[in-house]
């Protein structure tokens, strides 16, 4: 989480959406950093419960939230590749030696093993379990528009540096059998539906609701 008072924004770092690069780009403009907020990946619900009112009092105004969403299948693929890196070999979070299909099967199980405990993006972004939702959700595939948005709100030209990317792999290795892909779509229907909205608009804008 980064508080960007000048822009009237709070950036919420949805994992596996270039979050380290985003923090490197935005940190020079931030009034609060992950160290100050006790967490790198504070989600929309936690922000609303623990931070929104406090920041509004301190700053004299409410802030909008902004985050990035990735195609759900690509999101899982990024986690899978990230957990295949050599540094995790032998660790319970490692996916070394597994196929992507086995990883997804584990993710869909009733009690996923540690390597397959991956959060849902629709929950992180506040569109599941009661919200409130993030104000601006950008498509990971349209990062140029997102950078332009931040540049305009901060009044400074920005570029996104390259940080901590998951190892590249053969896209064919991330293909899934049709029946497993269908199960994934059914189990994560709201996440896939949300991404289709974000993708269609490049950025999904959900204005904050007034409190009564």
> Pairs under 6 Å by beta carbon, first residue farther than 26 Å from residue 122 by Cα in the stretch 71-94, partner at pLDDT 95 or above and surrounded by 17 or more Cβ atoms within 10 Å (Cβ to Cβ), six or more apart or different chains?
Replying inline: 88/94
>> Can you find a residue that is in a loop (DSSP other than H, G, I, E, B) and touching a helix residue (DSSP H, G or I) at 6+ places or on another chain (Cβ under 6 Å) anywhere in the stretch 98-106?
In response: no
>> Step by step: first the residues of the stretch 30-44, then only those that are at pLDDT below 65 and assigned to a helix (DSSP H, G or I), then the one that is surrounded by the fewest Cβ atoms within 10 Å (Cβ to Cβ). Which residue is that?
In response: 35
> Just one of the numbered conditions (1) more than 17 Å from the chain's Cα centre (by Cα); (2) free of Cβ contacts under 8 Å to residues at least 60 places away in the same chain; (3) loosely packed, with under 15 Cβ neighbours inside 10 Å is not true of residue 130; which one?
Replying inline: (2)
> Regarding residue 112, is this residue under 30 Å from residue 4 (Cβ atoms), touching a helix residue (DSSP H, G or I) at 6+ places or on another chain (Cβ under 7 Å) and at pLDDT 95 or above?
Replying inline: no
>> Can you tell me which condition residue 149 does not meet? The list is (1) in a helix (DSSP H, G or I); (2) at pLDDT below 95, and all the others hold.
In response: (2)
> Which residues, taken from the stretch 160-195, are in a loop (DSSP other than H, G, I, E, B), modelled with pLDDT of 95 or more and surrounded by fewer than 13 Cβ atoms within 10 Å (Cβ to Cβ)?
Replying inline: 177
>> Restricting to the stretch 100-119, name every residue that is over 30 Å from residue 201 (Cα atoms) and in contact (Cβ under 8 Å) with a residue 24 or more places away in the chain.
In response: 101, 103, 105, 115
>> Looking at (1) closer than 22 Å to residue 141 by Cβ; (2) touching a strand residue (DSSP E or B) at 6+ places or on another chain (Cβ under 9 Å); (3) not in a strand (DSSP E or B), which one does residue 47 not meet, given that it meets all the others?
In response: (1)
>> Please determine whether any residue of the stretch 196-204 is at pLDDT below 85 and either out of contact with any strand residue (DSSP E or B) (no Cβ under 8 Å at 6 or more places or on another chain) or part of a helix (DSSP H, G or I) (or both).
In response: no
> Only one residue in 71, 122 is in contact with a strand residue (DSSP E or B) (Cβ under 9 Å, 6 or more places away or on another chain), buried (at least 21 other Cβ atoms within 10 Å of the Cβ) and closer than 17 Å to residue 193 by Cα. Which one?
Replying inline: 122
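The values are calculated or read from the model by the stated rules, or taken from the named source; none is laboratory data. The model shown is predicted, which means the values in this text are computed figures rather than measured ones. Cβ: placed from backbone, ideal geometry, glycine included. Neighbour counts: every protein chain shown.
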